[in-house]
1. How tilted is helix 188-197 with respect to the longest principal axis of the chain? Cα atoms for both, answer in degrees (0 to 90, nearest 10).
2. Treat each spin label as a single point 7 Å out from the Cα along the C-beta direction, and report the Arg56 to Asp163 distance in nm.
3. What's the angle, to the nearest 10 degrees (0 to 90), between helix 95-109's Cα axis and the longest principal axis of the chain?
4. Taking 0.36 nm per residue of separation and subtracting the Cα-Cα distance, what length does fully extending Asp128 through Glu96 add?
5. Peptides 22-30, 66-74: what's the order by average Cβ count within 10 Å, highest mean first?
6. Amide H to amide H under 5 Å from Val31: which residues, 5+ apart in sequence or cross-chain, H placed 1.01 Å off N in plane?
7. Given N residues in the chain, what is its alpha carbon radius of gyration divided by 2.2 N^0.38 Å?
8. What ranking of Phe18, Phe57 emerges when the number of other C-beta atoms within 10 Å of each C-beta is taken as an exposure proxy, fewest first?
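Read-outs throughout are calculated quantities, based only on the coordinates presented, and are distinct from any laboratory measurement. If you're wondering where the values come from, they're calculated on a predicted model, not measured in any experiment. Please note: Cβ atoms are built from the backbone with ideal geometry, for glycine as well, and neighbour counts cover all protein chains shown.
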Amino acid sequence: MADPLLLVPGLNCTAALFQPQSEVFSSEREVIIADNRSDDRVEAMAERALADAPERFVLAGLSMGGYVALAIQRMAPERVSRLALLDTTARPDTPEGTERRRTLMAWARAGETARVHEALWPRLVHPDRYGDRVLEEIVRTMMDDTGVEAFCRQQEAIIARADSRPLLGAIACPTLVLVGAQDAITPVEMAQEMADAIPGAKLVVVPQTGHLATLEAPVHVNAALARWLMG
């Protein structure tokens, strides 16, 4: 039996972030979506995911989900048979990033969630997708389903996240690092940094794609994940 696939969504994202992947890979293995809404620290999210997960699994996380995936890898490397880091970084938050997050949290708590979406949307997707109302509705719905309090918990977790770069050289399982070529949040150089530091890691850059690669380019992403799972 194939190892279950544990997927960790990013900020303001739900299981819908991985719907194109769940539809494909659930025919061959159990697909589990980690709870990313209940905790305000990455380590607590990782502990919760480990408590809910089977003994052995393959692991993929996007953006904040990648921070959680790296924490899981750090805590229980023997349980992770394969690792995929999607549109994410091993770096800690920057002062500028933290300031921006504090502003978004203030807007959200003031009921200005539309303003939060308007600020985030152009950074989440490739410029060619700015007018994609179907994709934008998925993103809006994920934000609504996440809710303000969970969004703020997630932002606190991201602000306080550890620098995972010292961990990377110790990762021994087959690892995929994937990034959209036009990812404005965790750009290609951050993916390259991780791929260079993880022994044997495979880097995939998805063309004409922004930060939400799983939704923007599901065919490319699913092909890369299939190779990762089979390799």
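1. 30
2. 3.5
3. Tilt of helix 95-109: around 60 degrees.
4. Working: separation 32, 0.36 × 32 = 11.52 nm, distance 2.65 nm.
Between Asp128 and Glu96, full extension yields an extra 8.9 nm.
5. Numbers: 22-30: 14.2, 66-74: 26.4.
Packing order, densest peptide first, comes out as 66-74, 22-30.
6. Residues meeting the amide H criterion: Leu5.
7. Values: Rg = 16.2 Å, N = 231, 2.2 N^0.38 = 17.4 Å.
Normalised Rg, Cα atoms only: 0.93.
8. Working: Phe18 25, Phe57 22.
Lowest count first: Phe57, Phe18.
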